[in-house]
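Colleague: Attaching a single structure in C-alpha cells format; questions to follow.
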Amino acid sequence: MSDASMDSTAPRQSRTLLETDARTRRRNAAEKRFRMYGLAAIGIGLFFLIVLAASILRSGLPAFTQTVLSVDFVLTQEQFDKAEGTLFKTKAYEGYFNAALVSQLQSQGLEAEVDAKAAERILGKTGSTIREFYRANPDQLGQEVRFDLSVSSRVDGYFKGRVTRDGFVESRFLMLADLDLVDALTEGGIIRQQFNWNFVTGADSGVDNPGGAGIGASVVGSFFMMLVVLVLSLPIGVAASIYLEEFAPQNRFTDLIEVNISNLAAVPSIVFGILGLAVFIQFMHLPQSAPLVGGLVLTLMTLPTIIISTRASLKAVPPSIRDAALGLGASKMQSVFHHVLPLAAPGILTGTIIGLAQALGETAPLLLIGMVGFVARGYPETFAAGFTDPNSAMPAQIYTWASRADAGFYEKAWGGIIVLLLFLLTMNIIAIILRRRFERRW
C-alpha cells in the first residue's frame, strides 16, 4: 500500500459550531469596531448639538428680560401747559421727570444727584415718551402715573454682565458715576429686571433703541408668508407629483421635467429672490416688502422639495394596492385618490412640513424683495392688509439685528433665533402628529 493511501485513511481533526476560528474572531472584532464607530459618531453629534443649544440659550435668553426704571410721576395741568408753551418741549418734560426721580430717591432715604445728562445716558430721551403719553391721555393730568421706562442698552448690559466695572472706559454714552447712580436706584427698587414682553409682541424700534426692539411684527409677517406658501405649494406640488408618478407617459419630455425638478431643488435660494424681484415686483408691480410677494418667492423655492418628497411617498405604496383596486373595477383615478393617496398622506404631510420649515428660515430671497428688518414697524390693521402691507420676517429681522453695532441688538438676534427654533420645533411636532394620525398599515 502506498503512502498516499495511508494518509487518506488517517483521522482528521473535527470542528464544531461551538468553536470560533481566527477568521470568525476577526469578523466579530470588525463588527464591534463598527458599532463603536457608530456610537462615537452619535456621541460627537450629540455633543455638538448640546454645545450649540447651550450657546443659543446662553446668548439668547437675556433678550427675554429687560431692565426698567419705574417712577411714580404726577404732571399737573399747569406744568403741561407750561411745557407745551416752550420751544424745547422734550427738555421741559425731562426736567419734570428728573425732579420726580430725585424726589422718589429722597423719600427712600437715598441721596443721589440726577442731572439731565446722566438721566439721558441711563434712560435715553424720556421727554418725548412722557409728552406723547399725556397728549394721548389728557385725563391723567394731576393723577399719579407709574412710568416703566427701559434703560439704555449699556445700563442693561451692566445688569446682564456685558458691562463691568473692571476695565471700564468712560465715554459720552456712559460714565462711571452713572453706574454709582444705577446702583443707588437699584437699592431703592426703582430699577429692576422683568420679563420683556415687548420683545415677544413688539416691533423693530430703529438703530438707536435696542431695548425697545421686538420680534412680534416679524412673526406676523412670517405667519402670513407661510399661509401663502401652504395654500399654493401644497395643492400644486401634490397635483404635479400625482400626474408625474401615476398618469404621465414615460418619454423624453417627462424625463426632462423630472431632471429639471431635481435641479431646481439644488438652485441657491438667492436665485429665487432675483426671480421674484424681476417677475413679481418689477414686471407684475406687486407691492414691495409684502408677505404676499415673499410667499410667492418661497413657494417657487419650496415646490421642488414637496414634489420630490410626494413622489417618493407615492412610489412607496405597494403596486398590489393599485392592482387590487383596478381588479375590483375601480378606474385609474379612483385607485389613486381612494387608495394610493390616503396611504401616501403621512409622507406627503411630512415633506410639506419640511418644505415649509425650510422656507421659514430663508433670508436671502426676502432681502432681495425688500423685506428687511426695519420695515416691520407695526401690525397690519386687517387680515387682508397682512398680505399686502410692508412687513418683514423672522430671519430677515434677525439678520438686521446681527448687522447692527450695538451689543443689545446682537443679544436680540440670539433671542430671535430661539423664537425661530421654537417655530421650527412646533412645525416638526405637528408633522409627527399628523403622520401618526394618518398612518395606515398594509
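The values are calculated or read from the model by the stated rules, or taken from the named source; none is laboratory data. Being a predicted model, the structure only gives us computed values, none of them experimental. A quick note on method: Cβ atoms are made from the backbone with ideal geometry, for glycine too, and the neighbour counts reach across all protein chains shown.
Okay, residues lined up against (1) under 41 Å from the mean Cα position of the chain (by Cα); (2) assigned to a loop (DSSP other than H, G, I, E, B):
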{"residue": "62", "(1), (2)": "yes, no"}
{"residue": "71", "(1), (2)": "yes, no"}
{"residue": "81", "(1), (2)": "no, no"}
{"residue": "86", "(1), (2)": "no, yes"}
{"residue": "91", "(1), (2)": "yes, no"}
{"residue": "94", "(1), (2)": "yes, no"}
{"residue": "104", "(1), (2)": "no, no"}
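Colleague: Separate question: Of the residues 268, 235, 291, which single one is out of contact with any helix residue (DSSP H, G or I) (no Cβ under 9 Å at 6 or more places or on another chain) and not acidic (Asp, Glu)?
Modeller: When all the criteria are applied, what remains is 235.
Colleague: Here's another thing I want to ask about it. Output the number of the condition that residue 154 fails; it satisfies all remaining conditions of (1) surrounded by 15 or more Cβ atoms within 10 Å (Cβ to Cβ); (2) closer than 29 Å to residue 77 by Cβ; (3) not aliphatic (A, V, I, L, M).
Modeller: (2)
Colleague: Looking at 434, 422 in this structure, which one is surrounded by fewer than 18 Cβ atoms within 10 Å (Cβ to Cβ) and within 30 Å of residue 158 (Cα to Cα)?
Modeller: On the way: 434 fails: within 30 Å of residue 158 (Cα to Cα).
Just one listed residue meets the conditions, 422.
Colleague: Same structure again: Quick one: which of 229, 238 is over 26 Å from the mean Cα position of the chain (by Cα) and either crowded, with 17+ Cβ neighbours inside 10 Å or closer than 30 Å to residue 371 by Cβ (or both)?
Modeller: 238
Colleague: Identify, by number, the condition in (1) surrounded by 16 or more Cβ atoms within 10 Å (Cβ to Cβ); (2) over 24 Å from residue 399 (Cβ atoms); (3) outside the structural domain of residue 114 (by TED's automatic domain parsing) that residue 221 doesn't meet.
Modeller: Residue 221 satisfies every listed condition except (2).
Colleague: Separate question: State all residues of the range 94-151 that are surrounded by fewer than 18 Cβ atoms within 10 Å (Cβ to Cβ) and of a type in the set (D, E, K, R); if no residue qualifies, say none.
Modeller: 111, 113, 115, 117, 120, 125, 132, 135, 139, 144, 146, 148
Colleague: Collect the residues in the range 269-302 that are more than 15 Å from residue 225 (Cβ to Cβ), touching a residue at least 40 places away in the same chain (Cβ under 8 Å) and of a type outside the set (Val, Ile, Thr), keeping them in residue-number order.
Modeller: Correct list: 277 only.
Colleague: Scan the helices (runs of 4 or more DSSP H) fully inside the range 327-442 and keep the ones with 3 or more residues being closer than 30 Å to residue 163 by Cβ, in contact (Cβ under 8 Å) with a residue 60 or more places away in the chain and not assigned by TED's automatic domain parsing to the domain that holds residue 156.
Modeller: In the range 327-442, 394-402, 407-438 are the helices (runs of 4 or more DSSP H) which contain 3 or more residues that are closer than 30 Å to residue 163 by Cβ, in contact (Cβ under 8 Å) with a residue 60 or more places away in the chain and not assigned by TED's automatic domain parsing to the domain that holds residue 156.
Colleague: When you go through (1) assigned to a loop (DSSP other than H, G, I, E, B); (2) of a type outside the set (Asp, Glu); (3) within 35 Å of the chain's Cα centre (by Cα) one by one for residue 159, which number turns out not to apply?
Modeller: Among (1) assigned to a loop (DSSP other than H, G, I, E, B); (2) of a type outside the set (Asp, Glu); (3) within 35 Å of the chain's Cα centre (by Cα), the lone unmet condition for residue 159 is (1).
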